[in-house]
Every structure is written in C-alpha cells, then in structure tokens.
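The values are calculated or read from the model by the stated rules, or taken from the named source; none is laboratory data. Because the structure is predicted, anything quoted here is derived from the model rather than measured. Every residue, glycine among them, receives a Cβ derived from its backbone with ideal geometry; neighbour counts consider all protein chains shown.
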Amino acid sequence: MAATVAAKSAKAAKASRPVVAQNRRARHDYDILETWEAGIVLVGSEVKSVREGKVQLRDSFAKVEEGEVWLHGVHISPYGYSTSYGRADPDRTRKLLLHRREIAEVSRRTREGSLTLVPLTVYFKDGRVKVEVALARGRRAYDKRRGIAERDAQLEVKRELASGRVRSGGRRG
C-alpha cells in the first residue's frame with residue numbers, strides 16, 4: 001500500500017515540475033531504455049537564460065569521458081541583460097552531475113552495446129536546473145514507421161470509442 005502511494009506521489013511530482021525544454025525528436029529517433037536525473041554545471045547568467053526557456057536540445061548527446069559525463073550540442077542562448085564580460089559560449093560542453101555508481105553503469109552500458117546517452121528534458125527542481133538523460137538505442141526507419149502506425153491505430157480506437165458513446169448515449173426523440 002505504501003509503495004503505491006509513493007509511486008503516485010512521484011508521478012504527481014514529475015507531472016508538476018515546470019519543463020523548460022524538451023527533446024521530442026529523441027523519443028521519435030530512439031528507443032528509451034532507462035532514464036536518470038542529472039544536475040548540470042552552469043556558469044554566470046546561463047541559469048537566467050534557462051529560466052527564460054532559451055535552451056535547445058536538438059542534436060544533443062551526452063558522453064562519458066574520464067569518469068565524468070559531459071553534455072554536447074546543447075545551445076543555451078546568452079541572457080539578454082548580461083554583460084559580455086562574463087558571458088559563456090552558448091554551445092560549450094557542460095558537465096552533468098551524477099552519482100559515481102550511475103556514471104559507472106552508464107559508462108559500462110554505452111561501451112557494451114550500441115547505446116547512447118540523450119537528454120530528454122531540462123527542468124527546474126527545488127530551484128536547481130536538472131536534465132533528464134536517457135540511455136537509448138537508435139531506431140531504424142522501419143521501427144519509426146511501425147511506431148507511427150501503432151500510434152495511429154490507438155488514436156483510431158479512441159475515436160471509435162468516443163463516437164460510439166455519443167451515438168448510444170443520445171436521447172431519442
């Protein structure tokens with residue numbers, strides 16, 4: 001009983017967090033196997049830019065290098081009101097903060113198979129910027145088509161059920 005309450009509260013907390021940026025393309029191009037929540041090291045006014053939603057995750061990936069996880073290809077636009085003195089490169093690699101055991105597991109699994117680390121979302125949690133990173137396997141073109149066909153079939157079933165309810169529930173004249 002307590003486990004279900006904890007699971008429900010975890011789902012509610014995940015649903016209520018304010019998402020700043022999403023990598024929707026990643027869910028289309030990859031099969032998501034496992035996800036982790038990671039902190040991200042930002043400098044200067046990058047947090048203010050993230051608060052304004054000026055983050056792009058398209059074509060980004062993470063890589064384990066020398067026992068640390070680095071995020072490549074994320075673009076955080078410079079904050080408009082900051083001076084040019086402390087401004088960081090918008091396309092620089094950023095360090096992700098994970099526990100040592102998590103880094104070891106991610107490193108092992110990416111080395112073993114043809115898996116990659118992909119950032120899915122950027123959000124705030126308790127005032128800190130977090131990145132949801134997923135261990136993913138690339139989809140082939142036919143897998144993508146199959147996924148689209150399954151989604152379309154589910155949508156069609158929902159439509160049929162909805163139209164069936166409306167017809168049978170109506171009043172007769």
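Can you find even one residue in segment 77-92 that is within 15 Å of Val43 (Cα to Cα), polar (S, T, N, Q) and surrounded by 14 or more Cβ atoms within 10 Å (Cβ to Cβ)?
Looking for residues that are within 15 Å of Val43 (Cα to Cα), polar (S, T, N, Q) and surrounded by 14 or more Cβ atoms within 10 Å (Cβ to Cβ), one finds at least one in segment 77-92, hence yes.
Could you look through segment 51-71, keep only residues that are out of contact with any strand residue (DSSP E or B) (no Cβ under 8 Å at 6 or more places or on another chain) and over 13 Å from Leu120 (Cα atoms), and pick out the one that is surrounded by the fewest Cβ atoms within 10 Å (Cβ to Cβ)? Step through it out loud before you land on a result.
Of the residues in segment 51-71, the ones out of contact with any strand residue (DSSP E or B) (no Cβ under 8 Å at 6 or more places or on another chain) are 52, 58-59, 65-67.
Retained after the next criterion (residues that are over 13 Å from Leu120 (Cα atoms)): 52, 65-67.
Working: Glu52: 12, Glu65: 12, Glu66: 5, Gly67: 9.
The residue in question is Glu66.
So which of Val19, Val74, Val43 ends up being surrounded by fewer than 19 Cβ atoms within 10 Å (Cβ to Cβ) and over 12 Å from the mean Cα position of the chain (by Cα)? Break it down stepwise before answering.
On the way: Val19 fails: over 12 Å from the mean Cα position of the chain (by Cα); Val74 fails: surrounded by fewer than 19 Cβ atoms within 10 Å (Cβ to Cβ).
None of the other options fit; the residue is Val43.
Yes/no matrix, rows are residues, columns are (1) under 18 Å from Asp59 (Cβ atoms); (2) in a strand (DSSP E or B):
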{"site": "Ser82", "(1), (2)": "no, no"}
{"site": "Asp91", "(1), (2)": "yes, no"}
{"site": "Val118", "(1), (2)": "yes, yes"}
{"site": "Tyr142", "(1), (2)": "no, no"}
{"site": "Asp152", "(1), (2)": "no, no"}
{"site": "Lys158", "(1), (2)": "no, no"}
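Would you confirm whether any residue within segment 22-39 is out of contact with any Gly (no Cβ under 8 Å at 6 or more places or on another chain), free of Cβ contacts under 8 Å to residues at least 40 places away in the same chain and farther than 30 Å from Ala141 by Cα?
No: zero hits.
One residue is enough: does segment 84-94 have a residue meeting the conditions assigned by TED's automatic domain parsing to the domain that holds Lys54, of a type in the set (Ser, Thr, Tyr) and over 21 Å from the mean Cα position of the chain (by Cα)?
Initially, segment 84-94 is screened for residues assigned by TED's automatic domain parsing to the domain that holds Lys54, giving 84-94.
Narrowing the set further to residues that are of a type in the set (Ser, Thr, Tyr) leaves 84-85, 93.
Checking the rest, the ones that are also over 21 Å from the mean Cα position of the chain (by Cα) come to 84-85.
Yes, because at least one residue in segment 84-94 is assigned by TED's automatic domain parsing to the domain that holds Lys54, of a type in the set (Ser, Thr, Tyr) and over 21 Å from the mean Cα position of the chain (by Cα).
Give Ser49, Ser107 a once-over and let me know the one that is touching a residue at least 12 places away in the same chain (Cβ under 8 Å), more than 18 Å from Pro18 (Cα to Cα) and assigned to a helix (DSSP H, G or I).
Working: Ser49 fails: more than 18 Å from Pro18 (Cα to Cα).
That would be Ser107, the only listed residue that is touching a residue at least 12 places away in the same chain (Cβ under 8 Å), more than 18 Å from Pro18 (Cα to Cα) and assigned to a helix (DSSP H, G or I).
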